[in-house]
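The values are calculated or read from the model by the stated rules, or taken from the named source; none is laboratory data. Keep in mind that what you see is a predicted model, and the values were worked out from it rather than measured. Don't worry about glycine lacking a Cβ; one is built from the backbone with ideal geometry, like all the others, and counts go over all protein chains shown.
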Amino acid sequence: MVVRVIDGDTFTARTNGDEKTIRLLNVDTPETKDPNAPVECMGPEATKALEELLPVGSVVKLELDVEPLDKYGRTLAGVFDAAGVLVNAEIARLGFGIPVLFEPNKKFHPAVVKAFEEAQSRGVGLTSADIPCLPAQQVEEAVKAAESLAALPLADTVAELDRSHAGLVTALAAIAALKAAGSAKKHVHWRAYKSAQLASMMTRLDAATTAGVARQASIGAKKTEIANAAAAEAARVAAAAEARVAQEAAAAAAAAEAERVRNLPPAPAPYVPPVYVPPVYVPPAAPAPVQNPYPGYTGPRCYAPGGKSWTPCK
């Protein structure tokens with residue numbers, strides 16, 4: 001339950017019987033309670049807007065992000081009214097708060113950015129050309145934020161580059177709001193400044209914008225470089241893995257062939273043909289002369305089968 005509104009982005013609420021200071025996440029409104037700084041332009045109007053959004057006694061729902069407390073011990077939350085409306089975004093939609101991003105709490109940042117863009121398109125709150133002042137302190141802070149981010153060396157990881165880019169988005173959003181508020185104005189902050197001083201502040205905002213946009217381009221180029229290097233390394237690793245698989249396959253095939261050869265049966269002794277030795281030719285013995293069993297017979301002979309014997313033919 002809302003106890004009281006402190007300024008445009010802070011209020012106290014009673015939860016479980018205790019009072020807690022609640023700071024709206026991802027939105028920043030002009031200061032009214034800083035003891036070391038004057039009331040900033042449109043600060044009272046931002047406070048009044050939050051009082052209308054969160055009347056005393058109204059019931060709200062708090063939704064935390066990664067880090068629940070800031071360095072002052074305030075509870076950091078997305079605040080929803082009874083109708084479920086995100087108050088963080090409503091303050092930005094009215095033009096009294098600009099988007100801010102302090103990692104790791106970024107849950108409500110997209111909604112606040114979208115709401116503030118709507119305020120810019122309608123020209124309300126700090127973006128209105130009708131208000132007579134420009135928050136000088138915010139000009140200085142926004143310029144310094146953009147300049148310091150642009151001066152930092154580029155990180156070597158995509159995560160760090162993304163965080164740097166998020167910071168630039170916040171700084172450039174603040175600058176855009178201040179430039180819109182400074183258009184056609186003759187006064188800066190809570191008291192009058194000469195037009196030359198206002199022009200100087202606008203020039204600084206323009207220069208900071210240029211530096212921030214250039215830095216965003218550098219971040220994009222660096223991320224592309226990192227992505228290309230990562231792709232080349234992935235290709236190298238894949239090629240090495242493929243070569244290693246091929247090498248292992250070749251080694252396995254060689255081992256299998258060696259095992260096959262090792263298990264082969266012993267090779268037979270080579271065939272040596274016998275040396276042919278021709279037999280010694282022994283001429284047949286001359287047949288014994290056939291004795292004539294019929295001495296004095298000279299007539300025709302009739303031989304018996306086999307031709308070894310004969311008889312006179314009759």
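Residue pairs whose Cβ atoms lie under 8 Å apart, sitting 6 or more positions apart in sequence or on different chains, and linking a residue in the range 147-161 that is under 14 Å from A227 (Cβ atoms) to a partner that is aliphatic (A, V, I, L, M) and outside any helix (DSSP H, G or I), are L161/L154; L161/A155.
Scan V60, V27, V100 and give me the residue that is modelled with pLDDT of 90 or more and in contact with a strand residue (DSSP E or B) (Cβ under 6 Å, 6 or more places away or on another chain).
Step by step, each of V60, V27, V100 is checked, and only V60 is modelled with pLDDT of 90 or more and in contact with a strand residue (DSSP E or B) (Cβ under 6 Å, 6 or more places away or on another chain).
Within the set T32, T75, T127, T47, the sole residue that is closer than 29 Å to E160 by Cα and of a type in the set (S, T, N, Q) turns out to be T75.
Of everything listed in (1) more than 17 Å from V100 (Cβ to Cβ); (2) in a loop (DSSP other than H, G, I, E, B), the single unmet condition for P30 is (1). Only a single criterion out of (1) assigned to a loop (DSSP other than H, G, I, E, B); (2) more than 25 Å from L161 (Cα to Cα) is not satisfied by E67, namely (2). Among the residues making up the range 112-130, a single one is surrounded by 15 or more Cβ atoms within 10 Å (Cβ to Cβ), among the hydrophobic types (A, V, I, L, M, F, W, C) and more than 17 Å from G8 (Cβ to Cβ): V113.
How many residues are of a type in the set (D, E) and part of a helix (DSSP H, G or I) if we restrict to the range 79-128? Lay out the reasoning, then the answer.
Taking the range 79-128 as the starting set, the residues that turn out to be of a type in the set (D, E) are 81, 90, 103, 117-118.
Of the ones still in play, those that are also part of a helix (DSSP H, G or I) are 90, 117-118.
Residues in the range 79-128 being of a type in the set (D, E) and part of a helix (DSSP H, G or I): 3 in total.
For V290, only one of the following conditions fails: (1) modelled with pLDDT of 85 or more; (2) surrounded by 10 or more Cβ atoms within 10 Å (Cβ to Cβ); (3) of a type outside the set (D, E, K, R); (4) not in a helix (DSSP H, G or I). What is its number? Condition not satisfied by V290: (1). Somewhere in the range 32-52, is a residue touching a Gly at 6+ places or on another chain (Cβ under 9 Å), over 25 Å from A173 (Cβ atoms) and surrounded by fewer than 17 Cβ atoms within 10 Å (Cβ to Cβ)? The answer is no; no qualifying residue exists.
You will find that of I219, I226, I175, the residue that is surrounded by 13 or more Cβ atoms within 10 Å (Cβ to Cβ) and either modelled with pLDDT of 85 or more or more than 28 Å from V27 (Cα to Cα) (or both) is I226 and no other.
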